[in-house]
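Here's the structure, in structure tokens; my notes come after.
The values are calculated or read from the model by the stated rules, or taken from the named source; none is laboratory data. All values derive from a computational prediction rather than experimental measurement. Glycine also receives a Cβ, built like all others from the backbone with ideal geometry; neighbour counts cover every protein chain displayed.
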Amino acid sequence: MKAQPKTANELRRAVLARGLRPLPKTSVSTWADNYRVISSGNAEPGRWNTDRVPYQREIMDAFTQPGVHRVVVKSAAQIGKSEIMNNVIGRFAHLDPAPIMMIQPTIEMAQDYSKTRISPMLRDTKVLNHRFFTAKSKDETAESKTRDGNNTILSKIFAGGRLIMCGANSPAGLASRPVRVLLADEVDRFPASAGTEGDPVDLAAKRMTTFWNHVSGLFSTPTTEGASRIETEYLAGTQEEWRHECPNCGEFHVLRHTDMETKYDENRDKDGHITVVVESVLWRCPDCGSKFTEREMKNAPQKYVVQNPIALKNGTRSFFINAFSSPWLTWKGVMKEWYEAKGDPVREQVVVNTRFGETYHLIGAFDDETPFLRRREDYGGEVPHGVLILTAAVDVQDNRLEYEICGWGFEEECWGIQKGVIPGVPNQISTWNLLDEILDRPYKLAKGGEMKIARTFIDTGGHFTSSVYEYCRMNLYKQRIGIKGRQGAGMPLNMKTSTIREYGIPLQILGVNEGKQQIMTRLGIENKGPQYFHFPLDDHALGNRGYDQIYFRGLISERRKISFRGGQIHVEWEPVDRVTRNEPLDLRVYNLACIQSFPKNWRKLADMMGVELPPEKEKPPAEAPAPQRRQGLQMRSRSLNLY
Ligand SMILES: [Zn+2]
């Protein structure tokens, strides 16, 4: 049934809404300059002014450019992308009403965005306030509705359209109804599939085909090289880089960190934490070599330079902006973050992605085991000071068991304790008895006392699954738990715990690709501290601890392989060669999964063990990239409820 105006007032309003609609091609920037009000609580409240942040103009105006159906923005964080998206929503809702959808990585983020970004805009921008809060849905009468009756957090009706907020993890919302304007925020954090329904952006894009004038905007800070959706989308577009003119030679350049000349002091405290104080930063023109200050370059003429104009034929414009052009960030601040992150791949990636706006080249393929052999240390005992928990991992082969025992300290700093081989066929009880000797015995702490292995993960793959199950059943009370590795993208390391009914034991399912990625990332960490891998020198008293050349060759025996299948990026691991055994890598993955399967409070543990920790730091700002999309660096652990 069509909505019929019921009162004279409503009729007048309906006529006004239709009859006095300004020209549909009013650009987003013109709309924003005329109508948009930035709510208080933002960095710069008051009337919107596009001239203030000139790189935003072309992005916004691409949304109404004839023939453009896709707008891609690969950028640093804090360049004002939320306001760009808000202006697109405002312009269409006000002047060219249509169904609009915004996708955030999760439903929770969509709710949060709606509350903290959309609601203030609708409240404070007069023309939007009018359109959103007086609109009526089809089946409601004037009497029954309140002022805000049609609006929920995830669905806001306005005259002629509706704004729907979705989470990329929820297929239900994405497939709901036709959409003309689609905004996808932080696409690199989207899951590869919304439930089982497939790619969330494709899913939403399917709803757009009914509109000839549909347009979608994809926004994100990039993630890892070769696995970044925004990078792929950017390359498929016009590749417009925001550049500044060199005041000396007149060439236009992207301001890159590699051209920044930074004077700074570096202080390292006793725990190895680095604090950087930046004295000055100058940009050095790569063409003429002249140097300029931040103020000079931010005042210099700026424009987008198109790298791939042909993409306009496909209707895709793509843009790149990094933090050095942002009015909300200082060069000093960015370079401080960079130098403080150097040497730690996890922190480096944060800066590269969220400040430089670039994908991060993962360290992962190590050419050579020598650096690891060299960095082995004297622990001063079997279990060095700092270890708070011991875990063990067992790999089951046809003629032997291989095991590794790891010590874990604050924030998963890790010490290899012992790597070894138990010869014997796994269906012989004697083989397992030998394993018991390793797993049952107490390990000596460097500062006195002893520690036992808290939990062991044992591989159940291979030819002796029932023997492993039986061993796990007998030793469940000692937390010896069967595991099964699964290949495949997007699976968290501790994917889930299932049950082997016949034996009444839990079976932990591991996403091994994720685990291998985490191991490679951590092998690249050079500063001792959180997530660092320590390896021991052989010890006079303890003998061979197993961390020899063959061990390290095995540890780095696989490399990441990236492939594209059906438009999707797949990350797999393949052996570097056919001869090197990869058990050391598998064992380390199992140990990592094992420690991450515990609920734990490092500070409490350290307190009990008399280990001193650095003082608690404030949480990093919300800008830090959250979970990676396909091969996360973050810890996603699910607890095994065995306590
Ligand atoms: Zn120059």
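All conditions in (1) within 15 Å of the ligand (Cβ to nearest atom); (2) farther than 28 Å from VAL68 by Cα; (3) out of contact with any helix residue (DSSP H, G or I) (no Cβ under 9 Å at 6 or more places or on another chain) hold for ASN299, with the sole exception of (1).
Scanning the stretch 271-320 for residues that are under 32 Å from the mean Cα position of the chain (by Cα) and among the acidic types (Asp, Glu), we see that the one that is nearest to ILE79 (Cα to Cα) is GLU294.
Here's the yes/no breakdown for (1) in contact with a His (Cβ under 8 Å, 6 or more places away or on another chain); (2) at pLDDT below 85; (3) surrounded by 20 or more Cβ atoms within 10 Å (Cβ to Cβ):
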position	(1), (2), (3)
LEU537	no, no, no
LEU555	no, no, yes
ARG559	no, yes, no
VAL571	no, yes, yes
VAL576	no, yes, no
LEU587	no, no, yes
GLY610	no, no, no
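The condition of being basic (Lys, Arg), over 20 Å from THR221 (Cα atoms) and within 16 Å of the ligand (Cβ to nearest atom) holds for only one of LYS332, LYS291, LYS263, LYS270, that being LYS291. Residues in the stretch 422-458 that are in contact (Cβ under 8 Å) with a residue 60 or more places away in the chain and not aromatic (Phe, Trp, Tyr): LYS444, LEU445, ALA446, LYS447, MET451, LYS452, ILE453, ALA454, ARG455, THR456, ILE458. Yes or no: the stretch 14-31 includes at least one residue that is under 32 Å from the mean Cα position of the chain (by Cα) and at pLDDT 90 or above. Yes, the stretch 14-31 contains a residue that is under 32 Å from the mean Cα position of the chain (by Cα) and at pLDDT 90 or above.
Yes/no per residue for (1) over 21 Å from the mean Cα position of the chain (by Cα); (2) within 20 Å of MET109 (Cβ to Cβ); (3) surrounded by 24 or more Cβ atoms within 10 Å (Cβ to Cβ):
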{"site": "ILE157", "(1), (2), (3)": "yes, no, no"}
{"site": "PRO171", "(1), (2), (3)": "no, yes, no"}
{"site": "LEU183", "(1), (2), (3)": "no, yes, yes"}
{"site": "THR224", "(1), (2), (3)": "no, no, yes"}
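For the stretch 235-256, a tally of residues being farther than 14 Å from PRO301 by Cα and either of a type outside the set (Asp, Glu) or within 16 Å of the ligand (Cβ to nearest atom) (or both) returns 6.
Select from the stretch 183-230 the residues that are in a helix (DSSP H, G or I) and acidic (Asp, Glu) and write down the one among them that is farthest from MET85 (Cα to Cα). Among those residues, the one meeting the criterion is ASP202.
Against the list (1) touching a Cys at 6+ places or on another chain (Cβ under 6 Å); (2) surrounded by fewer than 23 Cβ atoms within 10 Å (Cβ to Cβ); (3) not small (Gly, Ala, Ser), the condition LYS478 fails is (1). Selection of the stretch 274-288 for residues being within 15 Å of the ligand (Cβ to nearest atom) and over 18 Å from TRP242 (Cβ atoms) yields LEU282, ARG284, CYS288.
Examine the stretch 306-320 for a residue that is of a type outside the set (Lys, Arg), touching a Phe, Trp or Tyr at 6+ places or on another chain (Cβ under 9 Å) and within 16 Å of the ligand (Cβ to nearest atom), and state whether such a residue exists. No, the stretch 306-320 contains no residue that is of a type outside the set (Lys, Arg), touching a Phe, Trp or Tyr at 6+ places or on another chain (Cβ under 9 Å) and within 16 Å of the ligand (Cβ to nearest atom).
Okay, residues lined up against (1) within 21 Å of SER220 (Cα to Cα); (2) crowded, with 24+ Cβ neighbours inside 10 Å; (3) basic (Lys, Arg):
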site: ALA62; (1), (2), (3): yes, yes, no
site: GLN65; (1), (2), (3): no, no, no
site: VAL68; (1), (2), (3): yes, no, no
site: VAL71; (1), (2), (3): yes, yes, no
